[in-house]
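The next block holds one structure in the form of structure tokens; read it before the comments.
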Amino acid sequence: MNILLLGSGGREHALAYKISQSPHCTKLFIAPGNPGTEKHGENVPINILDFNDIEKFVLHNGIDMMVVGPEEPLVKGIFDFFENSDQVPSISIIGPSAAGAMLEGSKQFAKEFMQRHSIPSAAYASFTLETIDEAHSYLEKHTVPVVLKADGLAAGKGVLVCETVDAAHLQLDEMLKGKFGNASTK
């Protein structure tokens, strides 16, 4: 089985290590990979958000299965792209559809989902720069430590644990003003 693993981080290194040990793995490609992953397969210089280039690679290399490590291609719909492809007849993709990936792609969506389905989770509120005054009022009533999370994907960043209300106020202002890019505008 020819396998394409998308990603370049430590998670993908661990996945490459284990996938390469499978007797079912004929050839492992990692896009784009890192120096550690090349010990377990072939790194290939593909942009993991360029679904058309990935599709061409899949066709050219007879890929049977794709494992998607990072959240961003999942949130942007790589599973759906291949599911709807007329070019690629059948490929197993390890990762959810864009709708399923929203649980990771938006912290607000995930919290609302958990509330709707009675899944225990910490209390939350969501704010933007336009509602910053409400956010500061909320912090005044909240016990510490308080956790501030960027709503969107922040490449493993975007979460702050504030031990004091003053620190929470300061970090909230920085986050809503773009500390974690577009991910923290909410």
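Testing K141 on (1) open to solvent by 60 Å² or more (accessible area, probe 1.4 Å); (2) touching a helix residue (DSSP H, G or I) at 6+ places or on another chain (Cβ under 6 Å), one condition comes back false. Which one is that?
That leaves (2) as the condition not met.
Which one of these does T128 not meet: (1) free of Cβ contacts under 8 Å to residues at least 24 places away in the same chain; (2) polar (S, T, N, Q); (3) surrounded by 12 or more Cβ atoms within 10 Å (Cβ to Cβ)?
(1)
Within the stretch 40-87, work out how many residues are open to solvent by 60 Å² or more (accessible area, probe 1.4 Å), of a type in the set (D, E) and either at pLDDT 95 or above or assigned to a loop (DSSP other than H, G, I, E, B) (or both).
Going through the stretch 40-87 one residue at a time, the tally reaches 4.
If I filter the stretch 104-116 down to residues being open to solvent by 60 Å² or more (accessible area, probe 1.4 Å) and touching a helix residue (DSSP H, G or I) at 6+ places or on another chain (Cβ under 6 Å), which single residue comes out as farthest from R11 (Cα to Cα)?
Across the stretch 104-116, the extreme among qualifying residues is F109.
So, in the stretch 19-39, of the ones that are part of a loop (DSSP other than H, G, I, E, B), within 19 Å of M1 (Cβ to Cβ) and among the small types (G, A, S), which residue ends up least open to solvent (accessible area, probe 1.4 Å)?
G33
Go over the candidates K177, K149 one by one and state the one that is charged (D, E, K, R), loosely packed, with under 12 Cβ neighbours inside 10 Å and in contact (Cβ under 8 Å) with a residue 40 or more places away in the chain.
After ruling out the rest, the residue left standing is K177.
Output yes when any residue across the stretch 79-94 is under 25 Å from G10 (Cβ atoms) and of a type in the set (S, T, Y), and no when none is.
The answer is yes; a qualifying residue exists.
Scanning for something in contact with a helix residue (DSSP H, G or I) (Cβ under 7 Å, 6 or more places away or on another chain) and in contact (Cβ under 8 Å) with a residue 40 or more places away in the chain, does the stretch 20-39 turn up at least one residue?
no
Got a number for residues in the stretch 157-169 being surrounded by 12 or more Cβ atoms within 10 Å (Cβ to Cβ), at pLDDT 90 or above and in a loop (DSSP other than H, G, I, E, B)?
Number satisfying all stated conditions: 0.
Give A101, A154 a once-over and let me know the one that is outside any helix (DSSP H, G or I), open to solvent by less than 60 Å² (accessible area, probe 1.4 Å) and in contact with a helix residue (DSSP H, G or I) (Cβ under 7 Å, 6 or more places away or on another chain).
On the way: A101 fails: outside any helix (DSSP H, G or I).
Answer to the selection: A154.
When the residues of the stretch 86-107 are narrowed to those that are in contact (Cβ under 8 Å) with a residue 24 or more places away in the chain and under 24 Å from T37 (Cα atoms), which ends up farthest from the chain's Cα centre (by Cα)?
So, considering only residues that are in contact (Cβ under 8 Å) with a residue 24 or more places away in the chain and under 24 Å from T37 (Cα atoms), the one farthest from the chain's Cα centre (by Cα) is I91.
Mind telling me which of the residues E42, E83, E12 ends up being in contact (Cβ under 8 Å) with a residue 24 or more places away in the chain and of a type outside the set (S, T, N, Q)? Don't jump to the end; show me each part of the working.
Values: E42 fails: in contact (Cβ under 8 Å) with a residue 24 or more places away in the chain; E83 fails: in contact (Cβ under 8 Å) with a residue 24 or more places away in the chain.
Testing whether each residue is in contact (Cβ under 8 Å) with a residue 24 or more places away in the chain and of a type outside the set (S, T, N, Q) leaves just E12.
The values are calculated or read from the model by the stated rules, or taken from the named source; none is laboratory data. Quick caveat, the model's predicted, so the values are computed rather than measured. A quick note on method: Cβ atoms are made from the backbone with ideal geometry, for glycine too, and the neighbour counts reach across all protein chains shown. Ligands, DNA and RNA are excluded from the accessible area calculation, which covers all protein heavy atoms including side chains. Shrake-Rupley method; radii C 1.70, N 1.55, O 1.52, S 1.80 Å.
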